[in-house]
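No lab work stands behind these numbers, since they all come straight from the coordinates. Since we're looking at a predicted model, the values are computed, not measured. Positions of Cβ are backbone-derived with ideal geometry, glycine not excepted, and every protein chain shown enters the neighbour counts.
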2 protein chains.
Amino acid sequence: MITESIDGVRLTTKANVYFDGKCVSHSYQLADGTKQSVGVVLAATLTFGTAAAEVMECVAGACEYKLDGSDAWQKSGPGEKFSVPANSKFDIRVAEAYHYICHYA
Amino acid sequence: MITESIDGVRLTTKANVYFDGKCVSHSYQLADGTKQSVGVVLAATLTFGTAAAEVMECVAGACEYKLDGSDAWQKSGPGEKFSVPANSKFDIRVAEAYHYICHYA
């Protein structure tokens, strides 16, 4: 199931711009204070570090990702999620666009 | 006054990507159904067309813009707004980043 919209959020208006704009996200808070962000990774191969653990949920497009310590690229498409541990990193490669929700676990 | 966050919105999770990612926005609806978007224009000179009239409100960074039929570039910075008529266009040039809220008038 694809999460197309999220209700009742407090949206931060200023975007987060990473890697010269290859990744752009907007942060928000749910009614219970939970922080998340929605974003898009454009055509690129990038490495992201994590502080908190994250769950990346695809809402459109697709990516391949490789968790730290793994040699296997895995695909993630609309409705699919993958988890990244805290204080870790992952590689992501995107051919066109990968639209996501980032949940902090 | 800078609008740093907006409460109680229904956020569309998929981004809008324009001009190969030089402009990325996320759309949302206010509780009363009003549609708006938050976005960022990165370093570029672009021309945007309008269908509905728009008010562009800067929340961070800065741009220069030139309305259709004008020869004058005007600056817009945090807390400032400019209006664009329906069925028109405007040029925008950004040195670093222009973070905005787009209101449809």
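In this simple spin-label model, placing a label point 7 Å from the Cα along the Cα-to-Cβ direction at both A:Thr3 and A:Thr47 gives a separation of 2.8 nm. Over 29 Å apart at the Cα level, from the set A:Lys89/B:Lys75; A:Lys81/B:Lys89; A:Lys14/B:Lys75; A:Lys35/B:Lys89, are A:Lys89/B:Lys75; A:Lys81/B:Lys89; A:Lys35/B:Lys89. Partner aspartates and glutamates whose Cα lies under 16 Å from the Cα of B:Lys66, excluding those fewer than 8 positions away in the same chain, are identified as B:Glu54, B:Glu57, B:Glu80, B:Asp91. Overall dimensions of chain A, expressed as equivalent-ellipsoid semi-axes from the Cα gyration tensor (√(5λ), whole Å, largest first), are 21, 15, 14. Phi angles across region B:60-70 convert, under the Karplus curve 6.51 cos²θ - 1.76 cosθ + 1.60 with θ = phi - 60°, into 3J(HN,Hα) values of 5, x, 6, 9, 10, 9, 9, 6, 4, x, 10 Hz, Gly and Pro given as x.
Can you classify region A:55-105 as rounded, prolate or oblate using the Cα gyration tensor, where a ≥ b ≥ c are the square roots of its eigenvalues, rounded means a/c under 1.5, and otherwise it's prolate if a/b beats b/c and oblate if not? Oblate is the answer for region A:55-105, as a/c is 1.5 or above yet b/c matches or exceeds a/b. Plainly put, the tip 7 Å out from Cα toward Cβ on B:Ile2 is 3.5 nm from that tip on each other copy, the closest given first.
In this simple spin-label approximation, B:Ser70 and B:Ser88 carry label points 7 Å from Cα along the Cα→Cβ vector, and these lie 0.8 nm apart. Note on A:Thr13, A:Thr47, A:Thr3: ascending count of other Cβ atoms within 10 Å places them as A:Thr47, A:Thr3, A:Thr13, the fewest first. Overall, chain A carries a charge dipole of about 220 debye about its Cα centre when +1 sits on the Cβ of Lys and Arg and -1 on the Cβ of Asp and Glu, all other atoms neutral.
Net charge in the neighbourhood of A:Tyr65 (other residues with Cβ under 13 Å of its Cβ; Lys, Arg +1, Asp, Glu -1) is -2.
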